[in-house]
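One structure is given here, and the rest of the page talks about it.
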Amino acid sequence: MILFESAGLCCLQDLGRFGYQHLGISPSGAMDAFAARVANALLANDENEGVLEILPGNTRLRVLRAQWFALTGADLSARLNGQPMPLCQPVWIEAGSLLAFGRAAQGCRAYLSAKGGFHAEPVLGSVATDARSGLGGWHGRWFQKDDRLPLRGMPVPKGKPIRWHTSFANPAFADDEPLLVVTGAHWPALSPGQQEYFQSAGWTVSKDADRMGLRLLQALPDPVCSASMLSGPVTFGSIQLPPDNRPIILAADRQTTGGYPLLGTVASVSHARLAQCKPGDTLHFSFVDLQAAQNRLRVREQHFMEWRTHMRNWWRNTDG
Amino acid sequence: MSEARTIESIQPLGDSALLVSFAARIDPGINRRVHALRHWLLQNLAQEILEAVPAYHSLAVYYSPMHTGFEALSQAIRDADVSAALQQVAARTVELPVCYDPRVAPDIGWLATQAKLSVDEVVALHSGAVYRVYFLGFKPGFAYLGGLHPCLHTPRKDTPRLAVPAGSVGIGGAQTGIYPQSTPGGWQVIGRTAAPLFSPEQDPPCLLQPGDQLRFKPISLDEFLLQGGEL
């Protein structure tokens, strides 16, 4: 059991509620799905197990039963009983401990997994919180003070002290690489000057940045000549251009269809970095062809799956 | 006949989805092809794709680049023979009981005055048509309907209501629709249904499916209350 002494901004997420977009149901799911998968893999959990998605603020968790946990994604200055909480490694937390989050030192969204997972009722096959529609998560909403979230896993004996952490530590902050983008249907409607501006500008993330999408502060110069268009399906990372010419990048809680011109879609390997952007951050875009984007993803997945197997073996061989 | 001749384009929608586009019009015949192709994909390529999401004239097909590629999937779609699926998707008609009593239809009197019709004529026009569920989007269970009589086209409210009750039937511009959940909204509310449009514990979770035909059946306030409606 975990007691929310203060909730801050925290919700339960898995990898999303897929298979229902044709009914207008948003997939939701972890914004930084890769960090969530790493958090679960560190504990040899199923990768779709629910994790806590935590934003900068004062989330304070009292752990009422001992268990293994893992913290990935953003560095939110987490402290365990007053000491820095290690990132990206399994951590045995004793009953009665306090895990407190603070300001964002790096990134925006941290993920906390528990060995065996948290207890929540799946809705349409997923525990992902979709607060706008009141689906999933903890009674369809984000956590509040005094909520008590049960743990599902049985406490396993404490192993040897862990002196390593994963090479997947915070992959989202590896460098200042631009977001890779695959062009969309309306990219050719932009003038050469607009295309040049889009690729060379530093784009600032505005205050309107949440799980639904990130609105950028700057506007593309000059009006875009595109006839009024019919709504069509959109996906995670789709870059829409509304009439005010300020791009919006859609995220996990997006509506399933959109009616604005589509300049492109952020490549899967850049989703983690996108998810870790907070208001005021600067973004750059770089176009990549489809093959290159998919190859990058295949390489990362291959690397990840090998490491996940390694983690599973480590757990199998760790029995105190 | 394969779909190659009717498809206008197949483009990447990022690196894990593609977008199939037919002629860009709001047109029942074009939309039927969208749903037929979706049907065909679910029957024939269920292993290769993750899901298929329709809109007016386009269909997004989500896939994992670990298991298939854009070219292979595009070719399979161009080669698809959807003639059998076209027959299947035309079948379903849903009848939705709607109460047009002013006590649950706060804007029907205003709309009738605007349209220079009586309230009874508004009800007759609205419930006399067969609507096409072009697709669902915006909110769980929210249907984009086509087929509203031009006499009923009405501007949205200047100031949206903070809460429109679930089941409210509204008109905004050339569109009519039903609010599946209580939500803020700017449409003129001309009726309400007691039928749940979206309930996640049911299978399927939404009353309306993309591609359905829909009729509104007028009911009295008593019937509405008997069916579980609330004032």
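A short reminder: the numbers here are calculations on the coordinates, not readings from a lab. Here the structure is a predicted model, which is why all the values come from computation and not from measurement. Every residue, glycine among them, receives a Cβ derived from its backbone with ideal geometry; neighbour counts consider all protein chains shown.
A few points about this structure:
- Rounded, prolate or oblate (a/c below 1.5 giving rounded, otherwise prolate when a/b exceeds b/c) for chain A by Cα gyration tensor: prolate
- Both radii were evaluated on the Cα set of segment B:1-90; the Rg over Rh quotient, with Rh as the Kirkwood radius, amounts to 0.93.
- Global form of segment B:177-231, assessed from the alpha-carbon gyration tensor, a/c cut-off 1.5: rounded
- Taking the number of Cβ atoms within 10 Å of each Cβ as an exposure proxy, the fewest-first ranking of A:Glu301, A:Glu177 is A:Glu177, A:Glu301.
- Segment B:3-89: relative contact order in percent, alpha carbon pairs under 8 Å with at least 6 residues between: 36 percent
- Base-10 log of normalised Debye intensity for the protein assembly as shown (one unit scatterer per alpha-carbon) at q = 0.08, 0.10, 0.12 Å⁻¹: -0.58, -0.89, -1.21
- By the Kirkwood approach, averaging reciprocal distances over each pair of separate Cα atoms, chain B gets a hydrodynamic radius of 19.0 Å.
- Applying the Karplus relation 6.51 cos²θ - 1.76 cosθ + 1.60 with θ = phi - 60° to segment A:209-224 yields 3J(HN,Hα) values of 9, 8, 5, 7, x, 10, 8, 8, 7, 7, 10, 5, x, 6, x, 9 Hz, where x marks Gly and Pro.
- Percentage relative contact order, chain A, counting C-alpha pairs under 8 Å, at least six apart: 20 percent
- Residues with amide H under 5 Å from that of A:Asp281, placed H, sequence gap 5 or more: A:Val205
- Per-residue Cβ neighbour counts within 10 Å put A:Met85, A:Met154, A:Met1 in the sequence A:Met154, A:Met1, A:Met85, beginning with the fewest.
- Here is the P(r) of segment A:1-103: all C-alpha pair distances, binned every 10 Å from 0, give 15, 45, 30, 8, 1 in whole percents.
- Calculated P(r) tail over 15 Å for segment A:179-288, as whole % of Cα pairs: 59 percent
- B:Gly167 long-range amide H proximity, modeled H, under 5 Å: B:Tyr179, B:Gln181
- Annotation: the residues B:Asp120, A:Asp210, sorted from fewest to most other C-beta atoms within 10 Å of their own C-beta, follow the order B:Asp120, A:Asp210.
- For segment B:93-226, a/c is less than 1.5, where a ≥ b ≥ c are the root eigenvalues of the C-alpha gyration tensor. That puts it in the rounded class.
- For the protein assembly as shown, the 222 nm mean residue ellipticity estimated from helices alone, with every DSSP H stretch of n ≥ 4 adding -39500 (n - 2.57) and the total spread over all residues, rounds to -6000 deg cm²/dmol.
- Here the Karplus relation 6.51 cos²θ - 1.76 cosθ + 1.60, evaluated at θ = phi - 60°, turns the backbone of segment A:115-127 into coupling constants of 4, x, x, 9, 8, 8, 7, x, 10, 6, x, 8, 9 Hz, with x for every Gly and Pro.
- Whole-Hz ³J(HN,Hα) from phi, Karplus 6.51 cos²θ - 1.76 cosθ + 1.60, for segment B:89-104, glycine and proline x: 6, 7, 6, 7, 10, 10, 10, 10, x, 10, 8, 9, 4, x, 5, 10
- Approximate spin-label separation B:Ile26-A:Ala201, in nm, with each point projected 7 Å along Cα-to-Cβ: 3.1 nm
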